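A.B. asks: What follows is a structure written as structure tokens; I'll ask about it next.
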Amino acid sequence: MALGGWLSYGAYANPGEETIQQREHAWTATGDVAHGVTVTEPNSVYPTGTRLENESLYYTAISPTIDGEFVGGYESQTGDSVNVSLSVDLVYRAVEPDGEAVYWSERERVVSTTSEDVKPDENVTAAFAVNVSDVASRIDEIESDLGASPGETEVVLEFNREIEGTIDGEQRSVASSYRAPIHVEEGTYWIESASSYDETYEEYETEVVPASVGPPRTVGGPVFLLIGVGGLGGLAYASRRLPDLTAAEREWLSYRDDRDQFEEVITTVALPDAALEGPHANSATLAALAEFAIDVNAAVVFDPERGLYVVRHDGIVYVFEPPTPASRADSHDNTDSVDDEQISFVDASDLVSPSEDEASNGGSTSKSDTNPSQPKADDLGMSTGPETAPDETDGVNSDDRDARIDESESELESDVVDVDDTSGGD
């Protein structure tokens, strides 16, 4: 229920705040490159004057010059006094294979153009042309002058774009540069260019808004709350319908918990009468008896015939008698019962062996010698001592003896009178 209340409170009463970025402006600087060649030398494949555009490979012998256009501009909602400048540079140089070291380099401007007051979606074009045969000759000349040809030579077309002006109501100024290598190899060459050189520029404004709440909180919160309230109602109803545990039931459940807890230290053995001889100490709980046995390193023995838990230590017999199950106590059923753990329970008179019963009727040994009901010791909840409380059977036997003595004396007096009467007669 607490979870449901918290979710519901967070979803409806106090959803909190979150920081978002709201896009205010977005505009794009556009760019594109197109290239091609014209066949200028006679050959058996292409007629002279044939135009080849955006091909993946060109032949130096029949079309040594590559030409094309670099087109640039911008896209936005509004534009005012926007200038667009485009340029194309040819760079050839010798570098290490990994490109980190540059041995020599030359740059030449191929074309440059600037257009003023360019409107959105209006294109500016810079046309370029590069004779690949002339570039190869210039590289050979440089290496000849140096007397060496270190590293690897590369030829690159570099496209530059600058846009400046008021775009979407804000002053903008951006510049970008792109490289398009020209690969020359064994009478062929090709240009490695991208299909598009668009760049999008976005501006965001940070804003604090109420936190958005999803279905887990808007729906889950009330659902959990209702489940919690229903659970409390069910618990209250059950508490009113179900009776409280009796003292006997609580005692029985406590004993069962102790039995489960100390199951590993309990051994079930039928004990001989001699094992119970000696002074007795009665344990209040099975847990106290088991903990005492663990402390003195002794065994806890359960005698199923007597229904007793026994620990012998230093000549003293420590005993715990399990409580009677509550259902049996309520029905006053004297029938022996065995629980699912094979723990049996017997009446108090059954705790005495036959030999002890005979001693209680006529001998000097009474049943109290083996009765485990003793005061509890201070340190274990148990008491020790060889003396036991007199058994109620002793009082019954004394009454019987007194009655028989009185009867015998009466008979004796009668016999004496008879003797006297006989003597007088004589």
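A.B. asks: Can you pull out every residue in the range 263-273 that is within 16 Å of D303 (Cβ to Cβ) and either in contact with a Leu (Cβ under 6 Å, 6 or more places away or on another chain) or without any contact (Cβ under 8 Å) to a residue 60 or more places away in the chain (or both)?
C.D. replies: V265, I266, T267, V269, A270, L271, P272
Every residue, every condition in (1) open to solvent by less than 40 Å² (accessible area, probe 1.4 Å); (2) closer than 30 Å to V84 by Cβ; (3) touching a His at 6+ places or on another chain (Cβ under 9 Å), yes or no:
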position: A126; (1), (2), (3): yes, yes, no
position: S137; (1), (2), (3): no, no, no
position: D140; (1), (2), (3): no, no, no
position: S144; (1), (2), (3): no, no, no
position: E154; (1), (2), (3): no, yes, yes
position: E158; (1), (2), (3): yes, yes, no
position: I167; (1), (2), (3): yes, yes, yes
position: E186; (1), (2), (3): no, no, no
position: S196; (1), (2), (3): no, yes, no
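A.B. asks: Looking at the range 143-178 only, could you name the residues that are aliphatic (A, V, I, L, M) and in contact (Cβ under 8 Å) with a residue 40 or more places away in the chain?
C.D. replies: Hits for the range 143-178 are L146, V155, V156, L157, I163, I167, V174.
A.B. asks: What's the number of the only condition in (1) more than 26 Å from A248 (Cβ to Cβ); (2) at pLDDT below 90; (3) open to solvent by 70 Å² or more (accessible area, probe 1.4 Å); (4) not β-branched (V, I, T) that N297 fails to meet?
C.D. replies: With (1) more than 26 Å from A248 (Cβ to Cβ); (2) at pLDDT below 90; (3) open to solvent by 70 Å² or more (accessible area, probe 1.4 Å); (4) not β-branched (V, I, T) applied to N297, the lone miss is (2).
A.B. asks: Counting just the residues of the range 34-76 that are touching a residue at least 40 places away in the same chain (Cβ under 8 Å) and charged (D, E, K, R), which one comes out surrounded by the fewest Cβ atoms within 10 Å (Cβ to Cβ)?
C.D. replies: Applying the filter and picking the extreme gives E55.
A.B. asks: Across the range 21-33, which residue is most open to solvent (accessible area, probe 1.4 Å) among those that are under 52 Å from the mean Cα position of the chain (by Cα) and either within 17 Å of S85 (Cα to Cα) or among the basic types (K, R) (or both)?
C.D. replies: Looking at residues that are under 52 Å from the mean Cα position of the chain (by Cα) and either within 17 Å of S85 (Cα to Cα) or among the basic types (K, R) (or both), I get R23.
A.B. asks: Right, another one. Go through the range 303-326 and count every residue that is touching a residue at least 40 places away in the same chain (Cβ under 8 Å) and out of contact with any helix residue (DSSP H, G or I) (no Cβ under 9 Å at 6 or more places or on another chain).
C.D. replies: Adding up the residues that qualify gives 2.
A.B. asks: From the residues in the range 93-118 that are open to solvent by less than 90 Å² (accessible area, probe 1.4 Å) and under 60 Å from the mean Cα position of the chain (by Cα), which one is farthest from T65 (Cα to Cα)?
C.D. replies: V118
The values are calculated or read from the model by the stated rules, or taken from the named source; none is laboratory data. Keep in mind the model is a prediction, meaning the values are calculated, not measured. Counting neighbours? That spans all protein chains shown, and the Cβs are built from the backbone with ideal geometry, glycine included. Ligands, DNA and RNA are stripped out before the accessible areas are found, and what is left, the full protein with its side chains, is counted by its heavy atoms. Shrake-Rupley method; radii C 1.70, N 1.55, O 1.52, S 1.80 Å.
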